[in-house]
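K.L.:
This is the structure, below, for whatever I ask next.
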Amino acid sequence: MSHPVTTGADVLVTGGAGYIGSTVVSALSDAGHRPVVLDDLSAGRRAFLRGRAAYVGDIADRALLRRVLRENPGVRTVVHCAARVVVPESVREPAAYYRTNVAGTFELAETLLACGVTRLVFSGSAAIYAPGPDLGVDESSPWDPRSPYARTKAVAETLLADLAAATSLRVLSLRYFNPVGADPWLRTGPYQPDPSHVLGRLLTAHRTGRPFPLTGVDYPTVDGTGVRDYVHVWDLARAHVAALRHFDRALGDARHAAVDLGTGSGTTVRQLITTFEQVTGRQLPVVEAPRRAGDTVGAFTRSTRARRLLGWRPERTLADGIEDARAWSRGRHPDREAS
């Protein structure tokens, strides 16, 4: 399927039918941009392409990408959200993650350069970091990716930085922490039938009455559960709008720069459960379980670079994220949402 436009589009979003990518597309459109989407729908949702200029295909398909850019000559920036992102799956299927996240990124970058598109905003990950003693990190923190997913994001960012140093490519890496929530206007949201992320599993337990599996209770934290920096997906999307607006300022004289996108606050999984129960007004049955393959203690950002360079700061709370995700879930399961 494709709905090409020959004029007007100014930004290409790869993976724009996914959870984060589709929200980025909405935020860009709301801000006056004209995005065009490329997504192979291996993890994205076709419904999120309705009303969008969109092409279905692989980011590694050089002929298709050249066609997209030829039919949309106004595109000067690419927001690269296309990736495989499920940590336990990456442990089981590492080759698929390297194929998409590393080889696909290489093919994309080389084709962009061949077509004269030199501005790239990359969806990076805070999973690459080695947390400090307080579990805080910033853009200068050492790396210690602990899963195949995290390693592919580290390799892809290193690859892009090396290409930028040697070519005309300029790359702004936005290192996400832990996205939660849905588009507040419920245009898009999480949609996996068997979610692996913690908020999705909480919503499933809330909806079905089955106990929530608390995976990992022996971490060196205040309550033994992992720490995450939960940032609302709409705030993440707004950061991409800011990244396009302030791309040159953020990079300065550099060819590659990185910016953390988080709230600056660490929340344990037990604390998340407490907030979830406060939002829903219902106590949740919880059963302790072993850590999953690839799980880590987690981290939160202590960086202020996003505020300084992009003029961005998070505006929505963790409770907002839970409520927006819950509203989205009610729309998806109208006959099964109890409250």
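K.L.:
Which is outside any loop (DSSP other than H, G, I, E, B), touching a Phe, Trp or Tyr at 6+ places or on another chain (Cβ under 8 Å) and buried (at least 24 other Cβ atoms within 10 Å of the Cβ), of Val68, Val24?
P.N.:
The conditions single out Val68.
K.L.:
To continue, here is another question. Look through Thr280, Thr215, Thr267, Thr274 and report the one residue that is free of Cβ contacts under 8 Å to residues at least 40 places away in the same chain and of a type in the set (Val, Ile, Thr). Explain how you work it out, then say what you get.
P.N.:
Values: Thr280 fails: free of Cβ contacts under 8 Å to residues at least 40 places away in the same chain; Thr215 fails: free of Cβ contacts under 8 Å to residues at least 40 places away in the same chain; Thr267 fails: free of Cβ contacts under 8 Å to residues at least 40 places away in the same chain.
Selected residue: Thr274, the only one of Thr280, Thr215, Thr267, Thr274 that is free of Cβ contacts under 8 Å to residues at least 40 places away in the same chain and of a type in the set (Val, Ile, Thr).
K.L.:
A further question on this structure: Out of the residues in region 86-104 meeting the condition of being modelled with pLDDT of 95 or more, crowded, with 17+ Cβ neighbours inside 10 Å and touching an Asp or Glu at 6+ places or on another chain (Cβ under 9 Å), tell me which one is nearest to Asp10 (Cα to Cα).
P.N.:
Per the stated criteria, the residue is Gly104.
K.L.:
Select from region 255-274 the residues that are of a type in the set (D, E, K, R) and open to solvent by 60 Å² or more (accessible area, probe 1.4 Å) and write down the one among them that is farthest from Gly124 (Cα to Cα).
P.N.:
From region 255-274, those of a type in the set (D, E, K, R) are 255, 260, 270; that's our starting set.
Cutting the leftovers down to open to solvent by 60 Å² or more (accessible area, probe 1.4 Å) gives us 255, 270.
On the way: Arg255: 16, Arg270: 27 Å.
The residue in question is Arg270.
K.L.:
Six or more apart or on different chains, Cβ atoms under 9 Å: show the pairs whose first residue is in region 193-211 and in contact (Cβ under 8 Å) with a residue 24 or more places away in the chain and whose second is open to solvent by 40 Å² or more (accessible area, probe 1.4 Å) and aliphatic (A, V, I, L, M).
P.N.:
Between residues of region 193-211 that are in contact (Cβ under 8 Å) with a residue 24 or more places away in the chain and residues that are open to solvent by 40 Å² or more (accessible area, probe 1.4 Å) and aliphatic (A, V, I, L, M), the close pairs are Ser196/Val86; Ala205/Val286; His206/Ala338; Arg207/Ala338; Gly209/Ala338; Pro211/Val286; Pro211/Val287.
K.L.:
Select from region 137-195 the residues that are charged (D, E, K, R), assigned to a strand (DSSP E or B) and open to solvent by 30 Å² or more (accessible area, probe 1.4 Å) and list them in ascending order.
P.N.:
Of region 137-195, the ones charged (D, E, K, R) are 138-139, 144, 146, 151, 153, 157, 162, 170, 175, 183, 187, 194.
Restricting the remaining residues to those that are assigned to a strand (DSSP E or B) gives 170, 175.
Matches in region 137-195: Arg170 only.
K.L.:
While we're looking at this one, here's another question. Counting just the residues of region 285-330 that are under 20 Å from Tyr129 (Cβ atoms) and part of a helix (DSSP H, G or I), which one comes out most open to solvent (accessible area, probe 1.4 Å)?
P.N.:
Per the criteria, the residue is Arg308.
K.L.:
Just wondering, is there one or more residues in region 43-52 that are under 26 Å from Val231 (Cβ atoms), of a type outside the set (A, V, I, L, M), part of a loop (DSSP other than H, G, I, E, B) and open to solvent by 30 Å² or more (accessible area, probe 1.4 Å)?
P.N.:
Yes, some residue in region 43-52 is under 26 Å from Val231 (Cβ atoms), of a type outside the set (A, V, I, L, M), part of a loop (DSSP other than H, G, I, E, B) and open to solvent by 30 Å² or more (accessible area, probe 1.4 Å).
K.L.:
If I filter region 74-82 for residues that are more than 23 Å from Leu28 (Cα to Cα) and open to solvent by 50 Å² or more (accessible area, probe 1.4 Å), do I get at least one hit?
P.N.:
The answer is no; no qualifying residue exists.
K.L.:
In region 105-136, what count of residues is obtained for those that are assigned to a helix (DSSP H, G or I), closer than 16 Å to Val259 by Cβ and open to solvent by 40 Å² or more (accessible area, probe 1.4 Å)?
P.N.:
Residues flagged as assigned to a helix (DSSP H, G or I), closer than 16 Å to Val259 by Cβ and open to solvent by 40 Å² or more (accessible area, probe 1.4 Å) within region 105-136 amount to 1.
The values are calculated or read from the model by the stated rules, or taken from the named source; none is laboratory data. Remember, it's a predicted structure, so these values are computed and weren't measured experimentally. Quick reminder, even Gly has a Cβ in these numbers, built from the backbone with ideal geometry, and neighbours come from all protein chains shown. With ligands, DNA and RNA removed, areas are computed over all heavy atoms of the protein, side chains included. Shrake-Rupley method; radii C 1.70, N 1.55, O 1.52, S 1.80 Å.
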